[in-house]
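Data first, discussion second: the structure below is written as structure tokens.
Bear in mind these aren't lab numbers, they're just calculated from the coordinates by the rules spelled out. Because the structure is a prediction, the values reported are computed rather than measured. In this analysis, Cβ positions are derived from the backbone assuming ideal geometry, glycine residues included, and neighbour counts consider all displayed protein chains.
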Amino acid sequence: MSEAILKVDKVSMHFGGLKAVDNVSFDINQGEILSLIGPNGAGKTTVFNVITGVYTPTLGNVTFKGVNLNLLKPYKVTSLGIARTFQNIRLFAQLTVLENILLAMHCRRKTNLLESVFKLPRYRYETKECIQKAEELLDYMGLLGEKLEQAQNLPYGKQRKLEIARAMATDAELLLLDEPAAGMNPQETQELMGLIRQIRKDLNKTIFLIEHDMKLVMGISDRIIVFDHGQLIAEGLPEEIRANKRVIEAYLGKEVEDNAETE
Ligand SMILES: Nc1ncnc2c1ncn2[C@@H]1O[C@H](COP(=O)(O)OP(=O)(O)OP(=O)(O)O)[C@@H](O)[C@H]1O
Ligand SMILES: [Mg+2]
């Protein structure tokens, strides 16, 4: 459980004069659920963008299982085993649920172009195998009943789940989830958190989660890191973060005080 799968080492991401991420270092351990919290604009999504190759860090290094990711394009990072969801849902809205999954699985297919064009046996076999695998995944995520629906017609909570399913379809070892419960009602949120825990347990994934709902973060995380103004201001177990003075000042203030009053 304690081996680092991803290392973020003294990473900065500057946009002009703005230090969106400022000299940040942390590790993600194999098999853990690590959460990243912090106020709006703290640099959370930017860290995801740096890890997944959307941006090359201004300074520092990101390594995944010993491979430096700095200069790799997003598709290459995906093929190494890192997949993500987006803060604002980015599905292929007019494709079906199943098609969204099949497209994500494409990067794992071994057939070459010629075999695909002429629909040679290996292509047909793989297609069948891909569909079966996609359906198993949809079943696991509770979306099989909607497999032929257009993604845009799913209720919002299920679109969020489909995004996670799509990330899982790449066979990624490390899943980066950017506010997966945003816009969900409390019951959907609880369910989703149960599902994320289950995914880690059943499928041996490592999960890096950005989430605003503190109750949820405290309940689900093995460890939490906290950003403020692009800097990492705290790192620790949920109970340590809850009691951390800097975190309370930067972020938790009102919530913690409120809870203290009612306890
Ligand atoms: N491509 C970009 N160009 C310029 N500034 C950017 C860019 N991307 C992010 N920023 C800025 O970097 C800072 C951090 O943004 P980021 O999206 O990482 O914050 P966040 O912690 O995810 O916030 P939120 O909780 O609102 O999602 C913000 O000030 C944002 O405006
Ligand atoms: Mg964000």
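Which shape class applies to region 144-187: rounded if a/c is under 1.5, otherwise prolate when a/b exceeds b/c and oblate if not, where a ≥ b ≥ c are the square roots of the Cα gyration tensor eigenvalues?
On the way: a/c = 2.50, a/b = 1.14, b/c = 2.20.
Cα axes put region 144-187 in the oblate bin.
Relative contact order for the chain: what is it in percent, counting Cα pairs under 8 Å that are at least 6 residues apart? Walk me through the intermediate numbers first.
Working: 459 pairs, mean separation 67.5, N = 263.
About 26 percent, as a whole number.
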Only four residue types carry charge here, +1 at the Cβ of Lys and Arg and -1 at the Cβ of Asp and Glu. Report the dipole size of the chain about the Cα centre in Debye, rounded to the nearest 20. 1300
Given labels modelled 7 Å from the Cα in the Cβ direction, how far is it in nm from GLU129 to ALA93? 3.6
Once label points are set 7 Å from the Cα along Cα→Cβ at both LYS19 and ALA243, what is their separation, rounded to one decimal in nm? 3.0
As an exercise, take the mean of 1/r over every pair of distinct alpha carbons in the chain, invert it, and state the Kirkwood radius in angstroms. 19.5
